[in-house]
Each structure stands twice: as C-alpha cells, then as structure tokens.
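The values are calculated or read from the model by the stated rules, or taken from the named source; none is laboratory data. Here the structure is a predicted model, which means the values were calculated and not measured. Using ideal geometry, Cβ is built from the backbone for each residue, glycine included, and neighbour counts are taken over all protein chains shown. When the accessible area is computed, the model is the full protein with side chains, heavy atoms only, and any ligands, DNA or RNA have been set aside. Shrake-Rupley method; radii C 1.70, N 1.55, O 1.52, S 1.80 Å.
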Amino acid sequence: MKTSIEMGNAGIQNAAKLLLSGEVVAFPTETVYGLGANIGNPLAIQKIFTVKGRPSDNPLIVHIAEFSQLSLLTPRISPRVKLLAKLFWPGPLTLVVSKRKEISSLLSAGLQTVAVRMPSHPLARKLLYACNVPLAAPSANSFGKPSPTTASHVYEDLHGKIPLILDGGPCKFGIESTILDMTTSPPTLLRPGGVSLEQLEKHLGRVTLHPVVKDPKVKQVFAKAPGMKYRHYAPRANVNVLLTRKELETVAVAEGKNKTTHFLVLKKPLTGVVNQTVYTCASHLAHDLFAAFRRLDAKNTTQIIVQAPSESHVGRGVRNRLLKAATHINDKN
Ligand code: AMP
Ligand code: MG
C-alpha cells in the first residue's frame, strides 16, 4: 500500500473519505499524532491493532469534535465531567467514563468504560467534523516505539501499512494526554500529561494517583523492572534518568567526552560535555522528548542521559515517560 502525506483541506477531505470507508488514517493532534478509525466500524478498529502491532488488551481513546457527541459514548454525564469538559476541552485531557453497551468492546479492550477526549488541534477538529463520527485513535507509532510528534515519525513507523498521513507540523505538547478516571470518587489520575494534576485538583479537590503514576524510587524500579517492563516507549539507546543536577554534573565528568552519549538537560549547559541539548523548561523538553529519542537513535547514540524535571505541572508527565523509557534511574536523594 502506498502511503501519501497530505496537508490542508484537500488532505482532510481525502482522510475523511478513507476513514468513512473503513480505512485507518494518521492525523495530528496537539499531544502526539493519532492513528484514527471510525468507532462504528469494528473491522477498522481491528486494523489499528494490526497496523500498530498493539496488544488487544490495551484500550483506545475516542476523539470527539463536540460535547454533544459524548452522549453517543456514555449513558450518563456527571456534573464533574461536564465541568471538566467545559474547563479543559478542547485540550489534552482524556476522561474515562462508563461505556454505552452499543460501543464496541474491541475499542475498550473489554472494559465497561470508555476513554474520551476532544482534541484542540485545528486539523484534528476539522477532520472530526468532516467525518461526523467519533474516531478511535491511539498514538500513530509502532507498538513499543516513542510516540510520533511529526508526520515523518509516523511515516518511519507505518509507511506501506496505512493509506494516508495528514501533516499538521510538529505537535504542540509532544507527550500524550492526561488520563483521568471519572468513574471513581475521587477521580483517579491514570496518566499525567498536558493538563496538570495541580490544575485538576484546583477544580476537583482531591485526585487519587493510580499506583503506576506514583514516581517510583530507584530501588523499587530496579526490583520491579528487570528487563523489559520499562522499555516500552523507549529508543534503542539506553536511557538514564538523573533526578538531581549534582548527580548530572558527576556523570558529565565521567561520560561527557563519550561520543555516543548524549545529554538532555534543563536550563544550563553542562561543562565538558560534547553532545548535549539544553531545554529552557519542562514543557520545552516535553515538546522535543520523543523527537529527540528518534533523532538520537538515527545517529546511533548508545546512551541518553536525561535530567528529570521536578515532579509538578508538566514535569510530572515528562518524568512518567522518562521512567517508562529508562533502563537506569538514579535517585541519590
Ligand atoms: P495511547 O496509548 O496514547 O493510545 O492511549 C491509550 C491509553 O488510554 C491506554 O493505554 C490506556 O492506558 C488508556 N485507556 C483507554 N481507555 C481506557 C479505559 N476505558 N480505562 C482506562 N484507561 C483507558
Ligand atoms: Mg501510545
């Protein structure tokens, strides 16, 4: 299958036509690129899993254009869900709500709940309007690879497997949406992302952190993650996450001259390091993180050493992705 990369209104019309005929199509969102399918077509949903090589017990997020489409997916809309939608949609917040029986359980991996979000990217919105149906869409990467934040990342992973990639330039946030389970009381944070825990707590009061979201300490990570568990969103290079600047400076002395090592650091460059990228803040690092992983793999970097941002606001989401990508986490504090 030939994969075309298209832009603008003509691209949107072609993408909508393909989606409505049961194909899967990649499109940009403000978080990462998504691989969309019509939620009313189980064969199309199945294609998402096949194309990505994604295990079928991993549920998908449904993308909607308008608040009114939420009632197609869930039988009850609570006042808290209404409030969050009003505050944060369109935007990088996914809400898990109870699922209507009619909605394919393929999409929810057999769960009685469904995850929904309204993206804010103008192309995603236009595409959803052109289709006039919600689209199920996980990230448009091969399973296990870093999420794609440009159309060419999607092409790298999925060319020959999908007919069209809609190109909307680089994604604004660069990491996936925040996921909040609204079926528990208080709501449970399942994945930190573009909308911060602090923003949510301001409006909801207490939010429970799911155990997978709690920042693991070094000993626990080593104990629980021998081998593959944390390598899911990872580049080929080893990722080492350092939690303090002091630690980073020590490692810079030992590893800074190593040509196949690359440092990703915040605010100030490290002295004596040949390969480093300096980010102004955690959002800047979030924006480039997955792209950097792919760039460095292409340069055959063998080791990526990353300064973890502090665990607040968007830093929480970045740390979560780093810990998933890491083979070595060092917390001397
Ligand atoms: P992505 O991996 O970016 O495609 O996002 C999909 C993720 O959303 C899954 O890996 C789950 O973690 C989460 N998700 C989707 N549906 C549900 C659900 N019904 N309940 C809990 N989490 C969900
Ligand atoms: Mg994904």
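Miscellaneous remarks
- Scanning segment 78-120 for residues that are open to solvent by 10 Å² or more (accessible area, probe 1.4 Å) and among the small types (Gly, Ala, Ser) gives SER78, SER98, SER104, SER105, ALA109, GLY110, ALA115, SER120.
- HIS153 at pLDDT 95 or above and in contact with a strand residue (DSSP E or B) (Cβ under 9 Å, 6 or more places away or on another chain): no
- Selection count where residues are open to solvent by 40 Å² or more (accessible area, probe 1.4 Å) and either closer than 22 Å to SER120 by Cα or without any contact (Cβ under 8 Å) to a residue 40 or more places away in the chain (or both), scope segment 42-64: 4
- For segment 98-115, a residue qualifies if it is within 16 Å of ligand 2 (Cβ to nearest atom) and not in a loop (DSSP other than H, G, I, E, B), and exactly one does: ALA115.
- Single unsatisfied condition, LEU190 versus (1) in a strand (DSSP E or B); (2) surrounded by fewer than 22 Cβ atoms within 10 Å (Cβ to Cβ); (3) modelled with pLDDT of 95 or more; (4) not basic (Lys, Arg): (3)
- Odd one out for PRO170, checked against (1) more than 17 Å from the chain's Cα centre (by Cα); (2) away from ligand 2 (no atom under 16 Å from the Cβ); (3) in a loop (DSSP other than H, G, I, E, B): (1)
- Residue in segment 121-136 that is basic (Lys, Arg), open to solvent by less than 30 Å² (accessible area, probe 1.4 Å) and modelled with pLDDT of 95 or more present: no
- So GLY91, is it under 22 Å from GLY174 (Cβ atoms) and not β-branched (Val, Ile, Thr): yes
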